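Have a look at the structure below, then the notes.
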Amino acid sequence: MAIIRRDDFNNKLEAFLGKPIVKVITGLRRSGKSFLLKQLISDLPEKGMRYLYIDKESLEFDDIRDYKDLNNFIDENLFNKKAKHYYLFIDEIQEIKEWERCIRSISGANKAEIFITGSNAQLLSSELATFLTGRYINFSLYTLSYKEFLKFRKKQSSDKEFYKYLEYGSLPGIHNFDLRREIIYEYLNSILNTIVLKDIVKRFEVRNVSLLEALIKFTFDNIGSTFSAKSISDYLKSQKLSVGVETILNYLSYIESTHLLYKVSRYDIKGKRHLEIYEKYYLADIAFRHALLGFKFDDINDYLENIVFIELLRRGYEVSVGKIGDLEIDFIAVKNDIKLYIQVSYLLSSKEVLARELEPLRQVKDAYPKYILSMDNKPASNIEGILLMNLLEFLLV
């Protein structure tokens, strides 16, 4: 598969190229971090520079186990010859023990422009905050947007193409295969197994693997639903798996650290505060749920919510679930001085459905934009300042 540029992400990164700051790119396994590094390398000037690329997923670099090995390897393979500019690229850096000590040393001496990627948010965030304060900037790389999916497919937007996106997901690697369920879901399950065994079980020394797997199935099956660790504990006990709330919270944090799952808190609009219980969870790619549990068209509203949620993150918004009295707004998205209120509905099939989606938004009295996104193929319309918009049009803005 040819390397296809992801222009939206590259534009965010461009402002920091050439600056003496470590560029950290984090994201789900197979979300395209390695391709991005290769794009950056292909864009380097041809003269006056040297670069080194280390891929910890490759056996070629298996001997680099800790920061000392890393430092020696860089000295021997990058700084061994004179150049005007040095560039260092390290893929999946969390596989190197105490890597931050080497990176801090090189960064502090301003010896090279550094780009690193990682799949474990928890480990990278703690190490970066401790050792590279003020010396790095983090970029989150998400899976393909609908626009990027179309670019990979070389297709124009249509309901048919969107349902392929909905069913087969947004990982770049699926475009190496025919888009058939048995092929794509086997590929996704292989990635999921790697995440579970390598990034969770091995890294966090999880002993109760069956509990972890049951928890993953529960959260996948309840995407977009509010629940608490206590409610999960009660459910697992009904399945003959006795487990405490603290263990569940720990396991959930492990899953989140891989970028596979995102926790979304609820925000009380009238009380102007975030609530600490009954969060929602969404997947980095809804197709992981299909691969594990099967595609269930009856749950399409949850699937659409998941796609909109990730799109909002991709656009740089902080996202909460809105609570106003006894009513709920699917998403409140905030970025700088911008705020959006968004309801997601598969089809506004009756006056009753439309009224249900409108009512929470009517209760919000501020002047920020309010949307109801659906799969209805109708021109955008406005009801009392609330914009009814086709979901595909929103994704393509």
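One table, with the values for the structure above:
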| quantity | calculated |
| --- | --- |
| Those GluC sites (Glu not before Pro) in region 343-394 that DSSP places in a loop and that have at most 13 other beta carbons within 10 Å | 384 |
| C-alpha long axis of helix 351-362 to longest principal axis of the chain, angle in ° | 60 degrees |
| Region 7-140, relative contact order in percent, only Cα pairs under 8 angstrom and at least six apart counted | 38 percent |
| Global form of region 287-358, assessed from the alpha-carbon gyration tensor, a/c cut-off 1.5 | oblate |
| Kirkwood Rh in Å, taken over region 146-396 so that all alpha-carbon pairs contribute | 19.4 Å |
| Separation of the residue 98 and residue 222 label points, Cα + 7 Å toward Cβ, nm | 4.2 nm |
| Sparsely packed trypsin sites (Lys or Arg not before Pro) within region 341-397, loop by DSSP, other Cβ within 10 Å at most 16 | 365 |
| Per-pair calculated FRET efficiency, R0 = 22 Å: residue 129 and residue 79 via Cβ, rounded to 0.05 | 0.20 |
| Point-to-point label distance, residue 49-residue 338, nm (Cα→Cβ direction, 7 Å offset) | 3.0 nm |
| Environment charge at residue 357 (Cβ cut-off 13 Å; Lys +1, Arg +1, Asp -1, Glu -1) | -3 |
| Coarse-grained scattering of region 269-322 at q = 0.21, 0.23, 0.24 Å⁻¹, given as base-10 log I(q)/I(0) from a Debye sum over alpha-carbon atoms | -0.89, -0.98, -1.02 |
| Sparsely packed trypsin sites (Lys or Arg not before Pro) within region 97-149, loop by DSSP, other Cβ within 10 Å at most 16 | 111, 135 |
| Full-stretch length increase - residue 245, residue 377 - with 0.36 nm per residue and alpha-carbon distance subtracted | 43.0 nm |
| Cα-projected label distance for residue 186 with residue 14, points at 7 Å along beta-carbon direction, nm | 4.1 nm |
| Partner aspartates and glutamates for residue 202 [C-alpha distance under 12 Å; skip if fewer than 8 residues away on the same chain] | 95 |
| Highest-fluctuation residue, 160, 151, 263 considered, GNM on the chain with Cα pairs under 10 Å | 160 |
| Fluctuation leader among 354, 215, 132 - the chain, Gaussian network, Cα springs under 10 angstrom | 354 |
| Values of log10 I(q)/I(0), in the order q = 0.12, 0.13, 0.17, 0.26 Å⁻¹, for region 157-250 under a Debye, Cα-only, solvent-free model | -0.53, -0.61, -0.89, -1.30 |
| Whole-angstrom gap from region 1-34 to region 68-124, using each part's C-alpha centre | 17 Å |
| Nearest-ten-degree value, helix 159-168 long axis tilted from longest Cα axis of the chain | 60 degrees |
| Modelled FRET efficiency - R0 25 Å, residue 65 with residue 38, Cβ distances, 0.05 increments | 0.55 |
| Ellipticity estimate at 222 nm from DSSP helix runs (n ≥ 4, -39,500 (n - 2.57)) divided over the chain, nearest 500 | -12000 deg cm²/dmol |
| Kirkwood-based Rg to Rh ratio, region 247-397, C-alpha trace | 0.96 |
| Between 0 and 90°, nearest 10: helix 229-238 axis offset from the chain longest Cα axis | 80 degrees |
| Length-normalised contact order of the chain in % [C-alpha pairs under 8 Å, at least 6 apart] | 13 percent |
| Antiparallel content of DSSP bridges confined to the chain, in %, to 5 | 40 percent |
| Where Rh is the Kirkwood radius over Cα pairs, Rg/Rh for region 1-141 | 0.92 |
| Ranked packing of 67-80, 41-54, 286-299, most packed first, by mean Cβ within 10 Å | 286-299, 67-80, 41-54 |
| Mean separation of Cα contacts under 8 Å (6+ apart) over length of region 299-397, as relative contact order % | 20 percent |
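Any read-out appearing in this document is the output of simple, stated calculations on the displayed coordinates, not a laboratory observation. What you see is a predicted model; the values in this text were computed from it and never measured. Using ideal geometry, Cβ is built from the backbone for each residue, glycine included, and neighbour counts are taken over all protein chains shown.
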